[in-house]
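Structure first, then comments.
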Amino acid sequence: MRSRADLVTRDVDEAADALLRGGLVAVPTETVYGLAAIADDPAAVSRIFEVKGRPADHPLIVHLAGADRLDGWVDGLPAGALDLALACWPGPLTMLLPRGQRTPDVVTGGRPTVGLRVPAHPLTSRLLEILDTGLAAPSANRFGKVSPTTVEHVLDDIGELLDPSRDRILDGGPCTVGLESTIVDLTASPPQVLRAGAIDAETIGRILEGPVVGAEGPSRASGMLERHYAPTCRLVLAESDEAANTAIRLATDAGESVGLLDRTDDLVEAARRLYDDLRMADRSGKTVLVVRLPQPVGMGIALRDRLTKAAAR
Ligand code: TXA
Ligand code: MG
């Protein structure tokens, strides 16, 4: 068993060295931990796909130090992009923009767009400043599984797949938001929200002073697959306390080991803890987890999205 000390560091310079030598570094962000490589190093980016077990046609988000670093990564800014960047960055918003020459094919899966985001975490902001380039990073979990929001989650998921002679995990503590960034496609007209997150469509519409729609057409982002963010136990979603009680009774009668997850009184906390709650249900041997769904407003929209995908079989 590999020890934690071989991979985990709090030293940003050590993380920068690993990346500059072509290694991978799991980095903390406000949303979830990402598995990063230097975005214009195609060989390093390819290893992300191997470690994650992710299909090559699922593009990666490029993380930048600031909205003043877009040069080369994008080819022109659609209306509203700058307004959103100024209002939401650093923060949990990814914008799909026309791809620039600096963005390699391996990052976008050959698409004409690139997903860009400026994350809000002091260690990763410093790392990006030191590197002075973009970091390509998906969530640091195996493909289709629950995203990691602590260093322990990263170690559990991919610790054995990282190489201590060249890779690192940068320890920035638990993630404060806990759900992946909102993804808005600004190359569509009107703009489309492809993945719900802490910044909701209503807020984006207010900033853009125009209409914003949900995803349309065939799946444009892997987060839109029907089954995703999935624990091993079976999730049963309940719209009311009554429905939750009935589900608990039925599953218990069927001989299942049943847990209840109800954080509807504090949705910010519910988001921050969701992925740890799902992992905990598996660790404690639950076979069924009954989840009380929040109302579909604000963070409740993103929570319902993740829970619905985690519940799909
Ligand atoms: O909060 C987040 O966004 C985290 C942190 C690490 O930044 N990252 C994250 O990455 O969740 P990932 O790869 O797990 O999810 C990004 C989603 C994927 O579904 C991917 O297919 C989609 O964004 N995506 C990225 N670039 C895209 C593009 N150019 N066109 C369409 N979808 C894109
Ligand atoms: Mg992911």
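The values are calculated or read from the model by the stated rules, or taken from the named source; none is laboratory data. Not measured: the values here are computed from a predicted model. Virtual Cβ from ideal backbone geometry, glycine too; neighbours counted across all protein chains shown.
Annotation for region 160-175: at least one member residue is of a type in the set (Lys, Arg), modelled with pLDDT of 95 or more and crowded, with 17+ Cβ neighbours inside 10 Å. Yes or no: Ala18 assigned to a helix (DSSP H, G or I), crowded, with 18+ Cβ neighbours inside 10 Å and modelled with pLDDT of 95 or more? Answer is yes for this residue. On the given criteria, is Pro174 assigned to a loop (DSSP other than H, G, I, E, B), within 30 Å of Val212 (Cβ to Cβ), over 13 Å from the mean Cα position of the chain (by Cα) and more than 12 Å from ligand 1 (Cβ to nearest atom)? The answer is no for Pro174.
Looking for whichever is without any contact (Cβ under 8 Å) to a residue 60 or more places away in the chain and closer than 26 Å to Ala198 by Cβ here; the options are Leu35, Leu86, Leu97. Which one fits?
Numbers: Leu35 fails: without any contact (Cβ under 8 Å) to a residue 60 or more places away in the chain; Leu97 fails: without any contact (Cβ under 8 Å) to a residue 60 or more places away in the chain.
Answer to the selection: Leu86.
Between Leu96, Leu60, Leu35, the distinction of being within 9 Å of ligand 1 (Cβ to nearest atom) and touching a Phe, Trp or Tyr at 6+ places or on another chain (Cβ under 9 Å) belongs to Leu60 only.
Here Gly76 clears all of (1) in a loop (DSSP other than H, G, I, E, B); (2) under 20 Å from the mean Cα position of the chain (by Cα) except the condition numbered (2).
Looking at (1) surrounded by 22 or more Cβ atoms within 10 Å (Cβ to Cβ); (2) within 16 Å of ligand 2 (Cβ to nearest atom), find the lone condition where Phe49 falls short. Result: Phe49 fails condition (1) only.
The residue that is surrounded by the most Cβ atoms within 10 Å (Cβ to Cβ), counting only those in region 264-313 that are under 16 Å from Thr176 (Cβ atoms) and among the basic types (Lys, Arg), is Arg272.
Any residue at all in region 87-105 that's out of contact with any helix residue (DSSP H, G or I) (no Cβ under 9 Å at 6 or more places or on another chain), in a loop (DSSP other than H, G, I, E, B), at pLDDT below 95 and surrounded by fewer than 22 Cβ atoms within 10 Å (Cβ to Cβ)? Spell out how you get there, then give the answer.
Within region 87-105, the subset out of contact with any helix residue (DSSP H, G or I) (no Cβ under 9 Å at 6 or more places or on another chain) is 91-92, 94, 96, 98, 100-103.
So of that shortlist, the ones also in a loop (DSSP other than H, G, I, E, B) come out as 91-92, 100-103.
From what's left, at pLDDT below 95: none.
Checking region 87-105: not a single residue is out of contact with any helix residue (DSSP H, G or I) (no Cβ under 9 Å at 6 or more places or on another chain), in a loop (DSSP other than H, G, I, E, B), at pLDDT below 95 and surrounded by fewer than 22 Cβ atoms within 10 Å (Cβ to Cβ).
Could we say that Ile169 is assigned to a helix (DSSP H, G or I) and either touching a helix residue (DSSP H, G or I) at 6+ places or on another chain (Cβ under 9 Å) or closer than 19 Å to Leu60 by Cβ (or both) here? Full working, then the answer.
On the way: assigned to a helix (DSSP H, G or I): no; either touching a helix residue (DSSP H, G or I) at 6+ places or on another chain (Cβ under 9 Å) or closer than 19 Å to Leu60 by Cβ (or both): yes.
Judged against the criteria, Ile169 is not a match.
Of the candidates Glu160, Glu129, Glu152, the single residue that is acidic (Asp, Glu), away from ligand 2 (no atom under 16 Å from the Cβ) and closer than 20 Å to Asp68 by Cβ is Glu129.
Which of the following residues is within 9 Å of ligand 1 (Cβ to nearest atom), surrounded by fewer than 24 Cβ atoms within 10 Å (Cβ to Cβ) and in contact (Cβ under 8 Å) with a residue 40 or more places away in the chain: Arg111, Arg117, Arg126?
Working: Arg117 fails: surrounded by fewer than 24 Cβ atoms within 10 Å (Cβ to Cβ); Arg126 fails: within 9 Å of ligand 1 (Cβ to nearest atom).
So the residue among Arg111, Arg117, Arg126 that is within 9 Å of ligand 1 (Cβ to nearest atom), surrounded by fewer than 24 Cβ atoms within 10 Å (Cβ to Cβ) and in contact (Cβ under 8 Å) with a residue 40 or more places away in the chain is Arg111.
Filtering region 133-150 to residues that are surrounded by fewer than 24 Cβ atoms within 10 Å (Cβ to Cβ) and out of contact with any helix residue (DSSP H, G or I) (no Cβ under 8 Å at 6 or more places or on another chain) leaves Thr133, Gly144.
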